[in-house]
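**Student:** A single structure is presented below for examination.
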Amino acid sequence: MSVSVSEACPCGSGAVYAACCGPLHDGEAAATAERLMRSRYSAYALGRTDYVLRTWLPRTRPDDLDAAPPTTWLGLEVLRIEAGGPQDDFGLVEFRARFAGQHGDQTLHETSRFERRGDRWVYVEGELS
């Protein structure tokens, strides 16, 4: 999937890609854990596995994501946010992401844990529900 800079961002924020996740994918730091989570969702939706890996804590990230089966991401719903603000060092974001995969339409329900490393948020791990 690709998106032009003037199209709605896949993360569901309502903003256009160029003003939302696009700058993060191009190197800008996310100000909050939620913004990082949304940008990671958009990266999955757009096939930007380089960004997903770059924003994953090195000690918990896989070697690559290329072995994952083909997935079409259909929508994101943020359910809960704990901490993860500009002044925090950790944060949790609970979300549901709908996708179409090998076994039809499904939902991923996860609570993701994030940490601030220097001036950047990173994804640490997630707990599936």
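The values are calculated or read from the model by the stated rules, or taken from the named source; none is laboratory data. All figures in this text were calculated on a predicted structure; none of them were measured in a lab. Glycine gets a Cβ as well: all are built from the backbone with ideal geometry, and neighbour counts include every protein chain shown.
**Student:** Taking the residues in the stretch 39-74 that are modelled with pLDDT of 90 or more and small (G, A, S) as candidates, determine which candidate is farthest from C20 (Cα to Cα). Reasoning before the result, please.
**Tutor:** Initial filter on the stretch 39-74 (modelled with pLDDT of 90 or more): 39-62, 72-74.
Then keep just the ones that are small (G, A, S); that gives 39, 42-43, 45, 47.
Numbers: S39: 8, S42: 10, A43: 12, A45: 14, G47: 17 Å.
Only one residue tops the list, namely G47.
**Student:** Being modelled with pLDDT of 95 or more and more than 21 Å from Q87 (Cα to Cα) is the filter here, so list the residues in the stretch 107-129 that pass it.
**Tutor:** Within the stretch 107-129, T107, L108, H109, E110, G126, E127, L128 meet the criteria.
**Student:** Further question: Filter the stretch 1-47 for residues that are in contact (Cβ under 8 Å) with a residue 24 or more places away in the chain, over 25 Å from E125 (Cβ atoms) and surrounded by fewer than 19 Cβ atoms within 10 Å (Cβ to Cβ) and give the result.
**Tutor:** M1, S2, V3
**Student:** Pick from the stretch 79-99 the residues that are of a type in the set (G, A, S) and surrounded by fewer than 16 Cβ atoms within 10 Å (Cβ to Cβ): which of them is nearest to Y51 (Cα to Cα)? Quick ask: steps written out before the conclusion?
**Tutor:** In the first step, residues of the stretch 79-99 are kept if they are of a type in the set (G, A, S); the result is 83-85, 91, 97.
Remaining after also requiring surrounded by fewer than 16 Cβ atoms within 10 Å (Cβ to Cβ): 83, 85.
Working: A83: 23, G85: 21 Å.
If we take residues in the stretch 79-99 being of a type in the set (G, A, S) and surrounded by fewer than 16 Cβ atoms within 10 Å (Cβ to Cβ), then G85 is nearest to Y51 (Cα to Cα).
**Student:** Return the residues of the stretch 100-123 that are in a strand (DSSP E or B) and surrounded by fewer than 16 Cβ atoms within 10 Å (Cβ to Cβ); say none if nothing qualifies.
**Tutor:** Result: A100, G101, G104, D105, Q106, T107, H109, R117, R120.
**Student:** Okay, next question. Please find, within the stretch 106-129, the residue that is nearest to W56 (Cα to Cα) out of those that are among the acidic types (D, E) and in contact with a strand residue (DSSP E or B) (Cβ under 7 Å, 6 or more places away or on another chain). Break it down into steps so the answer makes sense when it comes.
**Tutor:** Residues of the stretch 106-129 among the acidic types (D, E): 110, 115, 119, 125, 127.
Those still in the list that are in contact with a strand residue (DSSP E or B) (Cβ under 7 Å, 6 or more places away or on another chain) too: 110, 115, 125, 127.
Numbers: E110: 16, E115: 10, E125: 8, E127: 15 Å.
Among residues in the stretch 106-129 that are among the acidic types (D, E) and in contact with a strand residue (DSSP E or B) (Cβ under 7 Å, 6 or more places away or on another chain), the one nearest to W56 (Cα to Cα) is E125.
**Student:** I'd like the full set of residues that are out of contact with any helix residue (DSSP H, G or I) (no Cβ under 9 Å at 6 or more places or on another chain) and part of a helix (DSSP H, G or I), limited to the stretch 24-44.
**Tutor:** A33, E34, M37 - these are the residues of the stretch 24-44 that are out of contact with any helix residue (DSSP H, G or I) (no Cβ under 9 Å at 6 or more places or on another chain) and part of a helix (DSSP H, G or I).
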